[in-house]
Amino acid sequence: MHIKNVLLHPERYPVKDKYPFNLPIFQTTEKVALANPVVMFVGENGTGKSTLLEAIAVRCGIHIWRNAERSRPDYNPYEDKFHQYISVEWVDGRVPGSFFGSQIFQHFAELLDEWAAADRGQLNYFGGQSLTTQSHGQSLMSFFRSRYQINGLYLLDEPETALSPQSQIELLDILQEMSAAGHAQFIVATHSPLLLACPGAIIYAFDKNQVRPIRYEETDHYRIYKEFLADKNKYLNKK
């Protein structure tokens with residue numbers, strides 16, 4: 001592992017009634033232990049898993065590619081400040097890494113094309129082919145296979161969004177292989193029961209008032225998929 005603990009500091013929050021500081025889970029959780037090379041964050045949308053993932057990335061000095069910010073009617077000056085109120089305990093000093101988010105991947109792929117126009121060798125780090133000339137799912141797998149061979153800390157926000165079940169299993173293989181090699185650590189926010197099945201992964205649930213470890217079979221994602229596949233009519237015939 002490259003980082004062993006993420007510490008939250010609720011006593012330092014500038015406000016308690018503005019997002020993300022108003023989320024109960026961030027007011028009661030003080031520590032998230034990262035004792036395994038693969039850690040999964042799971043929970044419904046809006047529970048804070050992606051917010052914490054992004055804050056960890058920024059606190060670790062990992063750049064998050066973003067499109068230009070758009071104007072919004074309700075400005076929240078605290079929305080991007082959460083990283084200032086957490087701390088990270090490194091195992092052996094800071095390492096490089098990357099943050100993957102399905103919503104910002106296309107922007108990164110287009111930037112890579114611009115760099116490759118000046119130096120085509122840039123594509124060698126991502127499978128040797130422009131990511132924008134492949135299907136979205138293919139480009140994601142090219143990125144994963146190439147990038148995660150490098151020693152580092154990798155944070156992924158819902159990587160399953162554009163992946164078929166087969167591609168999710170391929171990504172699962174990559175997580176296992178690279179983490180077992182001892183040079184990569186992954187923190188993944190996901191809704192995928194396939195990715196959640198990663199052997200040896202710690203799963204943290206964000207569905208209560210405190211971030212807590214949970215067994216794979218206890219997740220709603222496993223339970224709902226299992227029940228649906230066992231008796232889909234139970235869900236399809238509801239009126």
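Nothing in this text is a laboratory measurement; each read-out follows from the coordinates by a stated rule. Just so it is clear, the structure is predicted and the values come from calculations on it, not from any experiment. Cβ: placed from backbone, ideal geometry, glycine included. Neighbour counts: every protein chain shown.
Checking the cross-link filter: which lysines have an alpha carbon closer than 17 Å to that of residue 4, excluding same-chain neighbours under 8 positions apart?
31
Which of 47, 190 comes first, and how do the rest follow, when ranked by fewest Cβ neighbours within 10 Å?
Fewest to most other Cβ atoms nearby, the residues stand as 47, 190.
Please report how far the C-alpha centroid of region 6-61 lies from that of region 210-239, rounded to the nearest whole angstrom.
25 Å
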